[in-house]
Amino acid sequence: MPKGSPELTASRREEIVSACEKLYQTMSFKEITLKEISIETSFSRPSIYNYFQTKEEIFLALMQREYESWAAELTVLCEKNETLSAEGFAGGVARSLEEHTQLLKLLAMNHYDMEENSRPERLCEFKAAYGASLDAVRMCLKKFFPKTDSERFLFVFFPFLFGVYPYSVATQKQLDAMRDAKIDFRKHSIYEIVYDCVMQLLGG
């Protein structure tokens, strides 16, 4: 780790993660390299190794940031409402994820390779952010729906999130292939998919 204040280190890590995020909006995971990321930052590719050892660590940090942001939004949803109906909660969760398309896109990737190619300390930081999102949903459920089995909800809902992006976003190539395969496919929005799932889990 290079010499410098914790604030400087955090700032440079954020710059690298933000550069990766920018590239990921127009490029695939396979296309993005440390060289491409360095071009988007203010320092050289060798300098990136002072903060991240692999491309997978950068993507893991990006997903960590997304989880942290989402958990913070769910916490606000919980704290600013005394009560919420099933429809109100489902809508709130659906809107929050609609604003975190990046998180859903990352969830659709191969986590095994991403986590396997990251150092234990980086993986631990990511898991803490993931755990915070679990806790945020759990807190909402216990406050608004105390009779709901929150652990069962989490066990179904979080794995479900891995498939939201592929069902709500499709490339023209994918659409053409489904058409040629004669698959009757109707694209649904992130909001629709998430809202319906939450409502079903709440018994609505």
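The values are calculated or read from the model by the stated rules, or taken from the named source; none is laboratory data. Keep in mind it's a predicted model, so treat the numbers as computed, not measured. Neighbour counts run over all protein chains shown; Cβ positions are idealised from the backbone, glycine included.
Exactly one condition in (1) buried (at least 17 other Cβ atoms within 10 Å of the Cβ); (2) touching a Leu at 6+ places or on another chain (Cβ under 9 Å) is false for Ala129; which is it?
Failing condition for Ala129: (2).
Tell me which residues, restricted to the range 168-185, are touching a helix residue (DSSP H, G or I) at 6+ places or on another chain (Cβ under 6 Å) and more than 20 Å from Thr101 (Cα to Cα). I'd like the intermediate steps shown before the answer.
Restricting attention to the range 168-185, the residues satisfying the condition of being touching a helix residue (DSSP H, G or I) at 6+ places or on another chain (Cβ under 6 Å) are 168, 185.
Selection gives Phe185 alone.
Within the range 133-167, track down each residue that is modelled with pLDDT under 95 and within 18 Å of Thr75 (Cβ to Cβ).
none
Name the pairs: first residue in the range 166-188 and on the phi < 0 side of the Ramachandran plot, second residue in a helix (DSSP H, G or I), Cβ to Cβ under 7 Å, at least 6 apart or on different chains?
Final answer for the pair search is Tyr167/Ile193; Ser168/Ile190; Ser168/Ile193; Phe185/Met178; Lys187/Ser168; His188/Tyr167; His188/Ser168.
Every residue, every condition in (1) more than 22 Å from Tyr191 (Cα to Cα); (2) exposed (fewer than 12 other Cβ atoms within 10 Å of the Cβ); (3) at pLDDT 95 or above; (4) not assigned by TED's automatic domain parsing to the domain that holds Tyr195, yes or no:
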{"residue": "Met1", "(1), (2), (3), (4)": "yes, yes, no, yes"}
{"residue": "Glu7", "(1), (2), (3), (4)": "yes, yes, no, yes"}
{"residue": "Glu14", "(1), (2), (3), (4)": "yes, no, yes, yes"}
{"residue": "Ser18", "(1), (2), (3), (4)": "yes, no, yes, yes"}
{"residue": "Met27", "(1), (2), (3), (4)": "yes, no, no, yes"}
{"residue": "Phe43", "(1), (2), (3), (4)": "yes, no, no, yes"}
{"residue": "Phe89", "(1), (2), (3), (4)": "no, no, yes, no"}
{"residue": "Ser96", "(1), (2), (3), (4)": "no, no, yes, no"}
{"residue": "Asn110", "(1), (2), (3), (4)": "yes, yes, no, no"}
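Looking at the range 29-41, which of the residues that are of a type in the set (S, T, N, Q) and surrounded by 15 or more Cβ atoms within 10 Å (Cβ to Cβ) is nearest to Thr9 (Cα to Cα)? Spell out how you get there, then give the answer.
To start, the set of residues in the range 29-41 that are of a type in the set (S, T, N, Q) comprises 33, 38, 41.
Going one step further and asking which of them are surrounded by 15 or more Cβ atoms within 10 Å (Cβ to Cβ), we end up with 38, 41.
Numbers: Ser38: 16, Thr41: 14 Å.
Per the stated criteria, the residue is Thr41.
Working only within the range 25-44, note down all residues that are in a loop (DSSP other than H, G, I, E, B) and in contact with a helix residue (DSSP H, G or I) (Cβ under 9 Å, 6 or more places away or on another chain). First the steps, then the outcome.
Filtering the range 25-44 for residues in a loop (DSSP other than H, G, I, E, B) gives 25-33, 40-44.
Of everything in the range 25-44, those that are in a loop (DSSP other than H, G, I, E, B) and in contact with a helix residue (DSSP H, G or I) (Cβ under 9 Å, 6 or more places away or on another chain) turn out to be Gln25, Met27, Phe29, Glu31, Ile32, Thr33, Glu40, Thr41, Ser42, Phe43, Ser44.
Do any helices (runs of 4 or more DSSP H) lying entirely in the range 74-183 carry at least 2 residues that are small (Gly, Ala, Ser) and either closer than 22 Å to Gly204 by Cβ or under 15 Å from the mean Cα position of the chain (by Cα) (or both), and which ones are they?
On the way: elements: 86-98, 101-107, 111-116, 120-144, 150-160, 164-168, 172-180.
Result: 86-98, 120-144.
May I ask you to say which residue of Glu66, Glu36 is outside the structural domain of Ser168 (by TED's automatic domain parsing) and either within 30 Å of Phe145 (Cα to Cα) or over 21 Å from the mean Cα position of the chain (by Cα) (or both)? It would help to see each step written out before you state the result.
Values: Glu66 fails: outside the structural domain of Ser168 (by TED's automatic domain parsing).
Among Glu66, Glu36, only Glu36 is outside the structural domain of Ser168 (by TED's automatic domain parsing) and either within 30 Å of Phe145 (Cα to Cα) or over 21 Å from the mean Cα position of the chain (by Cα) (or both).
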